[in-house]
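As C-alpha cells, the structure follows; a few thoughts come after it.
The values are calculated or read from the model by the stated rules, or taken from the named source; none is laboratory data. What you see is a predicted model; the values in this text were computed from it and never measured. Backbone-built Cβ (ideal geometry, glycine too); neighbour counts: all protein chains shown. Remember, those area values only see protein heavy atoms, side chains included, never the ligands or the DNA or RNA. Shrake-Rupley method; radii C 1.70, N 1.55, O 1.52, S 1.80 Å.
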Amino acid sequence: MEPGTASEERVDRLLLATYREHAGRIIGSLVRSFGDLELAEEALHDACAAALRSWNPSHPPANAAAWLHRVARNRSIDTVRKRQRGREKLPLVAVEAALHPHSYPDEHALETIPDERLRMMFACCHPALSMQARVPLMLKYVSGLSTPEIAAGLMAPEATIAQRLVRAKKKIKASGIGFGVPDSRDVHVRLEDVQVVIYLIFNQGYFSDSGEDLVRTDLCTDALLLAEALVQLLAREKLISELPESLGLLALLLLTHARLPARLSSESFVPLEHQDRAAWNREEIKKGTELLDQAMKLRRPGPYQIQAAIAALHGEAASYEETDWEQIALLYGKLAKIAPSAAVAVNRAFAQSMVHGPSAALAKLDDETSPEAISDYLPYHVGRADLLRRLGREEEAAGHLDAAIKLATNRSIIDFLRKERASLD
Amino acid sequence: MKYLMLIYSDETAYESMDPQKVGEMFGAYQAFNEETAKSGQLLSGHALKPTATATTVSVRDGKRMVTDGPFAETKEQLGGYYLVECASLDEARGLAEKIPDVKTGRVEIRPVVEMPQG
C-alpha cells in the first residue's frame, strides 16, 4: 500500500478503533493465560503491526478484535516456546499455556475475547504500586489508551507518564504482583482501591487540574466505561456483597456527568447555583437514579451510594433554591461518620447554611475542620468566603477568595474567582 | 419433602448486561431469599463462583485425576442452588418459577433422598 493513501487510512482507522475498544480485553485475556504483562503488551503490539501489513482495506476481517486476539495469542505462544528453549525464567502459567495452547473449551470461544479486565483492574490498583502509577496503568491496560493520550488527559509530560509506566511494570514483575481476584478477606479493601482510581480518572476529566480545558470529556467517558465494566464483572464473579457500592459509584459518575453540559458556558466556569438545568442530561440523571435504587435495595449502604444519593437530589431539583438541602445535609452527616474528609465537612456546612443560615453553618465548619486540613484546600476557601459574604463580613470573605485564587490552577476557575472577588470591592 | 433446585445459566451473560439489569437481578434474588426464608421453605442456598474456579476430581483404579474446570463444558453452567422444603413437586415448581434466572436459564428440581431416621 502506498503511504498516505485513502486505503491505508481506512486500515489505520479500523485498527485504532478496534484497539481503543478491545485492547483492555485482549491484554486481560493474554495476561490471564500467560501471567506476563510485558509479554502481552509486546504480542498485541506485534499483532497490530501485522494488521497494518496484511489487512485488506476493501475486505477487512469480519471480527477485527478476534483477529488481533488470535494473532497476539499465537505470538505469545511462540515467544514462550522460544524462551523455554533458551531456558529463560517464565511464569509457570506461561509455560503451561504454551505447552497446552488449546486451553479454551472450544475454538469458537476465540471469537469472543474472554473478559479478564477485573483481574487487570486489581493488579493495576495493587497497594504495592505508587498512587501515581495506578491511574496511568488503568488507562493504558484496561481502558486501552496510548501513552500520549494518557499524558494529554492527565496534563502531564509524555516522558513522565512513560517513566511511571515502565517503573510500575518493573515493580509488577519483580515483586510478583499476580493477576488474580483477591480472596474474600481482602477483596473489599482491594475493590476500594479500584473504585478510588476510577473516581480519580473521572475527576481528572471533570475537574481539570491545570491549564485551559476545564473539562476533558474523554477521561469522563473512560471512567464511566470502567465503572460499568466493574459492575458487570463483579456480577459475573458473584461478588454480590460488593455490588452495591460499585453500582453506587457508577450512579454517582452518571449523575455528576449529567451536569457537564451546563458546567461551562462559553469557556467560563458556571457554579451549580447558576447552571442552566435545562442543559442537564436527563437521560443520565434517570439512569443514575435507577441504578442507585437498585443498589439501595441490596441493603449494604456505603459512601458511594450516599454521594450518589446527594447527586440524585441535585439532579431532581427544579432549581438551586428548591433543592432538598435538608436531606442533603443529613446525607453529608452520614457520610461524615463513615468517610470523613475536608470535602465532606465543607459541603455539609454549605448544605446546612442553606437550611439554617450561614451563621450556624460557619460555627459548625470551624468546629469540624482542622487548620492543617484546609489551608491548601481550594473549596474550603471558596465555601467559607461565601458564608462570610452572606453574613456581611466582606473583608474576611475577600481574604479567603484571595487565598483561593492563589491555590487555583485552572484558567476558567481563576477567572470566575476573580469576578467574585471584584464583586466584593 | 426436600428438593434441590439447581440453577443453570450462561455465566458470561453478566459481562454484557446493563448494570441496571444486574442490580435488578440481584435485588430479585434478595427478595426471593427473604420471601422463602420467611415462609420456612428455604433450607439453604448459595450462588457459586464461576466455572473457571471449578476443579474436577476422579479416581480410577487407584489413580487420581484432577482437571481444572467443571466436569463438562456446557453452554449453560451451574451457577447456584437452593435446598427447599415443600409439600409437593407442584409447590417446588412454583418456587422454581420465581427464581430470577428461570427467565433466561433453567432450574432443575431434584427430590432429595431422605434417609429414614433411627
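Of note:
- Failed item in (1) away from every other protein chain (no Cβ under 14 Å); (2) part of a helix (DSSP H, G or I); (3) open to solvent by 10 Å² or more (accessible area, probe 1.4 Å); (4) not aromatic (F, W, Y), with A:L335 passing the rest: (3)
- Comparison of A:S359, A:S353, A:S319 shows that the only residue that is among the hydroxyl-bearing types (S, T, Y) and either under 25 Å from A:A227 (Cβ atoms) or outside any helix (DSSP H, G or I) (or both) is A:S319.
- Residue satisfying all of: in the stretch B:1-34; touching a residue at least 40 places away in the same chain (Cβ under 8 Å) and of a type in the set (D, E); farthest from the other protein chains (Cβ to nearest Cβ) among these: B:D10
- Here B:Q41 fulfils each of the conditions (1) at pLDDT 95 or above; (2) facing chain A (nearest Cβ under 9 Å) apart from (2).
- Every residue from the stretch A:328-351 that is farther than 17 Å from A:A363 by Cβ and of a type in the set (K, R): A:K334, A:K337
- Any hit, the stretch A:344-359, residues being under 27 Å from A:P301 (Cβ atoms) and surrounded by fewer than 16 Cβ atoms within 10 Å (Cβ to Cβ): yes
- Scanning the stretch A:284-311 for residues that are away from chain B (no Cβ under 14 Å) and either assigned to a helix (DSSP H, G or I) or open to solvent by 40 Å² or more (accessible area, probe 1.4 Å) (or both) turns up A:P301, A:P303, A:I306, A:Q307, A:A309, A:I310, A:A311.
- The stretch A:34-60, residues that are small (G, A, S), touching a residue at least 40 places away in the same chain (Cβ under 8 Å), on the phi < 0 side of the Ramachandran plot and in contact with a Phe, Trp or Tyr (Cβ under 9 Å, 6 or more places away or on another chain): A:A51
- Selection of the stretch A:371-393 for residues being of a type in the set (D, E, K, R) and more than 20 Å from A:L272 (Cβ to Cβ) yields A:E372, A:D376, A:R393.
- Put simply, of B:T56, B:T51, B:T104 the only residue that is open to solvent by less than 40 Å² (accessible area, probe 1.4 Å), under 15 Å from the mean Cα position of the chain (by Cα) and within 14 Å of chain A (Cβ to nearest Cβ) is B:T51.
- Pick from the stretch A:269-283, criterion part of a loop (DSSP other than H, G, I, E, B) and not β-branched (V, I, T), ranking: nearest to the other protein chains (Cβ to nearest Cβ): A:N281
- Among the residues of the stretch A:238-268, those identified as in a loop (DSSP other than H, G, I, E, B) and either within 14 Å of chain B (Cβ to nearest Cβ) or in contact with a helix residue (DSSP H, G or I) (Cβ under 8 Å, 6 or more places away or on another chain) (or both) are A:K238, A:L239, A:A258, A:R259, A:E267.
- Here B:Y81 clears all of (1) more than 9 Å from every other protein chain (Cβ to nearest Cβ); (2) more than 13 Å from the chain's Cα centre (by Cα) except the condition numbered (2).
- Search result, residues across the stretch A:367-390 that are more than 32 Å from the chain's Cα centre (by Cα) and open to solvent by 60 Å² or more (accessible area, probe 1.4 Å): A:D367, A:R389, A:R390
- Listing of strands (runs of 3 or more DSSP E) fully contained in the stretch B:1-113 that carry 1 or more residues being within 28 Å of A:Q294 (Cα to Cα): B:2-9, B:42-47, B:77-85, B:106-111
- Any hit, the stretch A:257-269, residues being touching an Asp or Glu at 6+ places or on another chain (Cβ under 7 Å), crowded, with 18+ Cβ neighbours inside 10 Å and closer than 21 Å to A:A235 by Cβ: no
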